[in-house]
Amino acid sequence: MNNATTLEILVWVVLPYVVLTIFVLGHLWRFRYDRFGWTTRSSQIYESKLLSIGSPLFHYGIIGIFFGHVVGLGIPKSWTEAIGLREEWYHLMAVTIGLAAAAACVGGLLILIYRRRTNSRVFGATTPGDKLMYLVLAATIGFGVLATIAHSALGHYDYREGVSVWFRDFWTFQPNPALMSEAPIFFQLHILSALALFAIWPFTRLVHVFATPLGYLTRPYIVYRSKDEKTSAPRRGWEKIDY
Amino acid sequence: MRVMAQMSMVMNLDKCIGCHTCSVTCKQAWTNRSGTEYIWFNNVETRPGQGYPRGYEDQEKWRGGWELGANGKLKLKAGGRVSKLLRLFSNPKLPSIEDYYEPWTYEYDRLLNSPAQEQIPTAPPKSLLTGERVQISWSGNWDDDLGGTYAHKDKDPMLKGIEDKVKFEFDQTFMFYLPRICEHCLNPTCAASCPSGAIYKRSEDGIVLVDQDGCRGWRMCVSGCPYKKIYFNHRTGKAEKCTFCYPRIEQGEPTVCSETCVGRLRYLGLVLYDADAVTAAASVEDDTALYEAQKDLILDPFDPEVLDAASRAGIPHDWIIAAQKSPIYKLIKEYEVALPLHPEYRTMPMVWYIPPLSPVVDVVRDTGYDAEDAETLFAAIDTLRIPVEYLANLFTAGHVETVERVLYKMAAMRAYMRDINLGNAPREGIANAVGMDGASMEEMFRLLAIAKYDERYVIPPGHRESAHHLEGTVAECPVGEVANMSLPTESMGMPRPARGRTNLLNWDGHGRPDGLFPGRTAASPGGA
Ligand code: HEM
Ligand code: SF4
Ligand code: SF4
């Protein structure tokens with residue numbers, strides 16, 4: 001870490017922590033002051049046909065990619081080697097599954113953006129925030145795909161010894177900026193655009209990701225609530241409202 | 001037995017003149033904001049007709065409501081929890097704006113700003129969604145008074161099986177109006193379909209509300225409700241529905257639609273029901289038995305056992321008295337003339353209807369017979385199969401005998417009261433023929449024809465313990481803030497916390513979002 005320049009430290013150490021702070025505090029702020037705005041803001045009522053192809057493609061793709069990142073960034077190389085998973089196999093698996101998910105995600109995203117632009121009802125309901133979000137989201141995904149193809153699949157960069165290590169060290173508060181400044185250009189751009197995405201995340205419709213209603217699986221179908229505090233039993237996760 | 005109270009409504013369809021006053025006053029009170037242009041908490045449909053949204057009753061298409069699974073248990077017709085979560089990204093059964101209509105306005109400024117010219121200036125319609133000019137081709141009541149029904153007759157799902165028998169010629173058809181609001185079901189599929197658990201039934205009065213702060217815009221409730229009485233506010237991205245005017249009800253006042261109804265045909269009151277028995281009642285196998293099953297859920301408010309259970313359940317005394325005086329109880333249980341709309345959806349709806357005798361009376365009168373004579377009317381009910389079968393498709397899952405029984409009663413009341421009005425001796429036999437006696441016949445007539453305000457609306461105010469809450473709730477009613485057509489930041493159905501709030505999602509990118517920064521108070525203007 002000794003020969004890292006100030007700029008490197010700023011970009012690969014300071015900036016990520018600033019973004020993390022914005023991400024966490026932003027969500028807390030949004031939840032406290034703008035819970036009413038915490039919605040998917042579905043546009044399906046305007047247009048259904050393209051959405052029914054684009055949205056599931058995109059979402060299943062991006063969820064696949066998310067889990068791919070969890071494995072690729074979170075699990076050290078030594079662990080997969082320890083269970084006897086050979087490097088070539090891991091690589092083959094990552095690239096095929098990853099590319100399939102990426103294809104779904106990118107295809108879906110293109111359909112969604114095309115839909116947003118061409119359907120006048122949907123376009124009419126598109127806010128500047130939506131546009132910025134789409135720009136940064138598309139950049140992040142685009143650079144990610146480019147990085148994987150150019151540097152991992154065709155090139156010889158092993159992100160599991162570079163970017164991944166930087167990422168894990170980030171969470172233990174000892175990131176090595178050199179690992180990032182030595183990374184190929186598309187990986188750098190991917191990370192930078194992802195940082196931008198996380199910084200704007202709490203202030204866009206992307207908050208809907210943190211509303212994923214898994215509680216539906218276990219709660220009873222019919223919900224009763226009392227307007228009288230005295231007769232309503234306190235419930236976990238349901239805030240008491242003062243009125 | 002778990003006794004719960006339910007605020008319910010009965011509408012006497014014979015008296016509806018289809019004036020849409022209820023729809024308009026409701027809209028003025030609740031849905032005159034942007035994003036809610038197409039939303040009619042109350043709408044009035046001409047039947048036969050397609051209804052609003054178009055063809056909503058075709059559950060093979062929309063898959064709203066419950067159905068019985070192979071194991072005899074209730075399940076959501078559109079699929080259970082896992083399948084709903086897997087389909088969150090795109091709801092396969094969501095009606096699109098075309099199934100309602102594209103809301104529009106007119107370019108009024110062209111009238112106001114027109115220079116002196118030879119041609120009379122026009123105000124062409126333009127879409128409220130896109131701002132582009134549109135050709136208006138459908139709306140919430142486009143097929144009013146059978147207008148357009150001739151062209152669309154095959155699209156009324158309730159005509160299935162009798163379509164070839166119904167004649168769509170003016171002089172041979174029949175027609176009536178069906179005003180509809182949310183049914184405030186005992187077993188609501190809207191609530192069951194909401195992944196976030198944001199739709200709830202109030203345990204005090206059974207009113208079904210959407211917690212606007214809890215709704216995340218998954219839009220599963222819209223397709224889940226078989227009556228299509230949940231609407232998606234396309235500006236806020238949240239579900240909205242009829243509130244049963246709860247701020248008014250809590251003050252002991254009737255809903256806006258009831259208050260303003262020109263025909264005075266709406267009745268409001270409480271019923272007590274056994275909440276533990278709802279699931280079993282909604283699961284009876286035979287669709288045509290659902291009406292009886294639901295009727296049996298409603299408890300006798302004079303039965304000491306019920307009274308005991310009710311006070312154990314914390315239902316206040318004045319509410320029990322109100323349940324005893326309830327016109328709803330009388331119409332559903334005592335006179336048995338009110339019927340539920342589409343019991344076969346198994347949601348146990350709580351807005352019931354007295355089916356109209358008028359299609360029958362009209363035919364009898366047109367053919368020159370005495371339309372006030374009991375025998376003639378009875379015979380006409382027996383012969384006029386088509387209106388009766390159609391009514392049965394609406395109110396009894398096709399069980400014709402039940403509808404006939406109700407219509408006999410209405411016909412008997414007509415004939416019985418005619419004698420009294422003409423000064424003849426009343427004929428007890430007419431009442432007996434439909435299993436009633438003269439005294440109860442007269443009482444029923446009173447309730448249906450001349451009941452005054454406080455007999456039609458028996459609404460116990462919210463109890464005093466929570467009075468301070470109610471005040472707050474009323475103050476939060478959206479009506480106060482609609483003047484500038486701004487988006488509601490208040491929560492409908494859930495009072496909002498007093499602290500500052502903002503709405504980033506609907507910020508249009510111009511200026512500062514409301515409430516983002518601490519407001520300057522009037523006392524200390526900026527710069528001071
Ligand atoms: C598992 C969690 C998620 C759920 C349940 C979910 C659900 C939804 C739903 C219901 C919509 C509204 C679709 C409509 O009717 O218009 C939506 C839209 C959207 N979601 Fe997600 N989402 C999830 C995760 C994500 C993630 C991880 C991202 C991206 C990082 C994402 C990005 C988007 C975008 C960009 C849209 C807007 C699509 C458009 O209308 O143009 N979602 N999501
Ligand atoms: S009618 Fe009302 S309570 Fe019943 S399912 Fe529909 S929205 Fe819910
Ligand atoms: S106001 Fe009354 S009479 Fe007029 S349409 Fe509504 S329910 Fe019918």
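Calculate the dipole size of segment B:288-439 relative to its Cα centre from +1 charges on Lys and Arg beta carbons and -1 charges on Asp and Glu beta carbons; express the result in debye to the nearest 20. Spell out each step's value before the answer.
On the way: 13 positive and 23 negative charges, 69 e Å.
Charge dipole, segment B:288-439, about its Cα centre: 340 debye, nearest 20.
Would you mind classifying the protein assembly as shown by shape? Square roots of the alpha carbon gyration tensor eigenvalues, ordered a ≥ b ≥ c; an a/c under 1.5 is rounded, otherwise it is prolate if a/b is larger than b/c and oblate if not.
Details: a/c = 2.11, a/b = 2.00, b/c = 1.05.
Taking the square roots of the gyration eigenvalues as a ≥ b ≥ c, the protein assembly as shown is prolate.
For a paramagnetic label modelled on A:Leu28 (point 7 Å from Cα along Cα→Cβ), amide N atoms under 12 Å away are absent within segment A:172-208. Mean Kyte-Doolittle of at least 0.0 plus a Cα span of 27 Å or more along the axis: flag which DSSP H helices in chain A meet both, please. Both cut-offs are met by A:49-74, A:87-118, A:128-147.
Please state the charge dipole magnitude for segment A:6-218, taken about the Cα centre, from unit charges on C-beta atoms (+1 on K and R, -1 on D and E), reported in debye and rounded to the nearest 20.
Details: 15 positive and 11 negative charges, 221 e Å.
Dipole about the Cα centre, nearest 20: 1060 debye.
Computed over chain A with a Gaussian network model linking Cα atoms closer than 10 Å, the most mobile of A:Leu92, A:Leu132, A:Leu197 is A:Leu92. Model label points for B:Ile450 and B:Lys126, set 7 angstrom from Cα along the Cα-to-Cβ axis, are 5.6 nm apart. Across segment B:192-261, Cα-Cα distances exceeding 14 Å account for 61% of all pairs. Full extension of the segment from B:Ser311 to B:Glu98, taken as 0.36 nm per residue of separation minus the current Cα-Cα distance, would add 71.8 nm.
Bin all alpha-carbon pair distances of chain B at 10 Å intervals from 0 and give each bin's fraction as a whole percent. Bins of 10 Å from zero give 3, 17, 27, 26, 16, 7, 3, 1, 0 percent of pairs. Residue by residue along B:203-214, Cβ atoms of other protein chains within 10 Å of the local Cβ number 4 on average.
Per residue of B:128-134, how many C-beta atoms from partner chains lie within 10 Å of its own C-beta, taken as a mean? Before the final figure, lay out the partial values.
On the way: counts 1, 7, 8, 2, 3, 0, 0.
Mean inter-chain Cβ contacts per residue within 10 Å come to 3.
Rounded to the nearest 20 debye, the dipole size of the protein assembly as shown about its Cα centre is 2640 debye, using +1 on the Cβ of Lys and Arg and -1 on the Cβ of Asp and Glu.
With R₀ fixed at 35 Å, the C-beta to C-beta distance from A:Lys49 to A:Leu132 puts the FRET efficiency at about 0.85. When peptides B:257-264, B:384-391, A:151-158, A:98-105 are ranked by their average number of other Cβ atoms within 10 Å per residue, the highest-first order is B:384-391, B:257-264, A:98-105, A:151-158. Cα-based Rg of chain A per 2.2 N^0.38 Å, rounded to two decimals? Rounded to two decimals, the normalised Rg is 1.19.
Using R0 = 45 Å, the C-beta based FRET efficiency linking A:Phe123 and B:Glu118 works out to 0.75. Taking amide H positions as modeled 1.01 Å from N, with prolines and chain starts lacking one, the residues under 5 Å from B:Ile354 and 5 or more places away or on another chain are B:Met11, B:Asn12, B:Leu13, B:Leu339. On the basis of the beta-carbon distance and an R0 of 45 Å, B:Asn432 and B:Val82 show a calculated FRET efficiency of 0.20. Annotation for B:Val262 and B:Asp366: the two label points, set 7 Å from Cα along the Cα-Cβ direction, are 2.2 nm apart. Between segment A:1-78 and segment B:257-273, the C-alpha centres lie 51 angstrom from each other.
Using just its DSSP H runs of length 4 or more, each adding -39500 (n - 2.57), the protein assembly as shown gives a mean residue ellipticity at 222 nm of -11000 deg cm²/dmol after division by all residues.
Counting only protein heavy atoms and a 1.4 Å probe, tell me what percentage of the protein assembly as shown's accessible area is made up of carbon and sulfur.
Carbon plus sulfur share of accessible area: 60 percent.
Let me have the relative contact order for segment A:6-218, percent, based on Cα pairs under 8 Å that are six or more residues apart. List each step's numbers first, then the result.
On the way: 195 pairs, mean separation 73.0, N = 213.
34 percent.
Averaging the Cα positions of each part gives two centres, and for segment A:97-124 and segment B:288-306 these lie 53 Å apart.
Counting only DSSP beta bridges whose two residues both lie in the protein assembly as shown, roughly 80 percent are antiparallel. When both segment B:84-151 and segment B:203-248 are represented by their alpha-carbon centers, they are found 23 Å apart. Enumerate the residues in segment A:166-192 having an amide nitrogen under 18 Å from the point lying 7 Å beyond the Cα of A:His156 toward its Cβ. Within reach of a label on A:His156: A:182-185.
Count the DSSP beta bridges whose two residues both fall in chain B, then state the antiparallel fraction as a percent rounded to the nearest 5. Present the calculation step by step, with values, prior to reporting the outcome.
Numbers: 31 of 36 bridges.
In chain B, DSSP labels about 85 percent of beta bridges as antiparallel.
Give me the inter-chain shielding for B:91-100: mean count of other chain Cβ atoms within 10 Å, whole number please. Don't jump to the answer; show the numbers that get you there.
Working: counts 7, 2, 1, 6, 3, 7, 6, 3, 1, 1.
That average works out to 4.
Beyond 26 Å, the tail of the calculated P(r) for segment B:263-458 holds 38 percent of the Cα pairs.
The values are calculated or read from the model by the stated rules, or taken from the named source; none is laboratory data. Here the structure is a predicted model, which means the values were calculated and not measured. Quick reminder, even Gly has a Cβ in these numbers, built from the backbone with ideal geometry, and neighbours come from all protein chains shown. With ligands, DNA and RNA removed, areas are computed over all heavy atoms of the protein, side chains included. Shrake-Rupley method; radii C 1.70, N 1.55, O 1.52, S 1.80 Å.
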